[in-house]
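This report refers to the structure that appears directly beneath it.
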Amino acid sequence: QVQLVESGGGLVQPGGSLRLSCVASGRIFSSNVMGWYRQASGKEREFLAEIYSGGTTNYADSVKGRFTISRDNAKITVYLHMISLQPEDTAVYYCHFREVLTGNHYWGQGTQVTVSS
């Protein structure tokens with residue numbers, strides 16, 4: 001089992017920035033993918049970005065250039081740095097962890113991001 005704990009959400013004004021963090025603990029296999037999704041009220045959960053333990057990254061087209069994913073393998077932590085935030089970025093942001101070899105995956109509890117003036 002893997003536990004994920006997100007932090008860094010909150011209220012930010014339009015045009016502002018935030019950095020989300022997610023720490024993984026438990027039985028961690030070295031080959032894994034950590035990522036971020038979000039779910040706005042009344043909408044489906046959508047993929048934002050992911051980063052492999054080797055450093056390869058993938059982004060949704062909708063956030064390329066505004067969101068940057070990074071990770072610290074020693075701390076088993078993934079970050080999402082978001083800039084130029086707009087009200088449409090308001091959502092609950094979820095951390096995701098997937099074991100490459102087994103396909104097992106886990107979700108964090110989510111952290112609320114609200115973009116409003």
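Out of the residues in the stretch 25-41 that are modelled with pLDDT under 95 and over 16 Å from residue 71 (Cα atoms), state the one that is least open to solvent (accessible area, probe 1.4 Å). Looking at the filtered set, the residue picked out is 26.
Pairing residues of the stretch 75-89 that are acidic (Asp, Glu) with residues that are open to solvent by 10 Å² or more (accessible area, probe 1.4 Å) and in a loop (DSSP other than H, G, I, E, B), at Cβ distances under 9 Å and at least 6 apart in sequence or on separate chains, gives 88/40; 89/40; 89/66.
Pairing residues of the stretch 1-24 that are exposed (fewer than 13 other Cβ atoms within 10 Å of the Cβ) with residues that are charged (D, E, K, R), at Cβ distances under 7 Å and at least 6 apart in sequence or on separate chains, gives 1/27. Somewhere in the stretch 15-23, is a residue at pLDDT below 95 and assigned to a strand (DSSP E or B)? There is no residue in the stretch 15-23 that is at pLDDT below 95 and assigned to a strand (DSSP E or B). Listed by position, the strands (runs of 3 or more DSSP E) enclosed by the stretch 30-80 that each have at least 1 residues that are under 12 Å from the mean Cα position of the chain (by Cα), on the phi < 0 side of the Ramachandran plot and hydrophobic (A, V, I, L, M, F, W, C) are 32-39, 46-52, 67-72. Picking from residues in the stretch 104-117 that are of a type in the set (Gly, Ala, Ser) and surrounded by fewer than 14 Cβ atoms within 10 Å (Cβ to Cβ), the one that is modelled with the lowest pLDDT is 117.
Taking the stretch 45-82 as the range and being over 19 Å from residue 113 (Cα atoms), open to solvent by 60 Å² or more (accessible area, probe 1.4 Å) and of a type in the set (Lys, Arg) as the test, only 75 passes. Inside the stretch 81-103, can you point out the residues that are modelled with pLDDT under 95 and outside any strand (DSSP E or B)? Of everything in the stretch 81-103, those that are modelled with pLDDT under 95 and outside any strand (DSSP E or B) turn out to be 100, 101, 102, 103.
The values are calculated or read from the model by the stated rules, or taken from the named source; none is laboratory data. These numbers were taken from a predicted model, which means no experiment stands behind them. Every residue, glycine as well, gets a Cβ built from its backbone with ideal geometry; the counts of neighbours run over all protein chains shown. Just the protein is used for accessible areas: all its heavy atoms, side chains included, with ligands, DNA and RNA removed. Shrake-Rupley method; radii C 1.70, N 1.55, O 1.52, S 1.80 Å.
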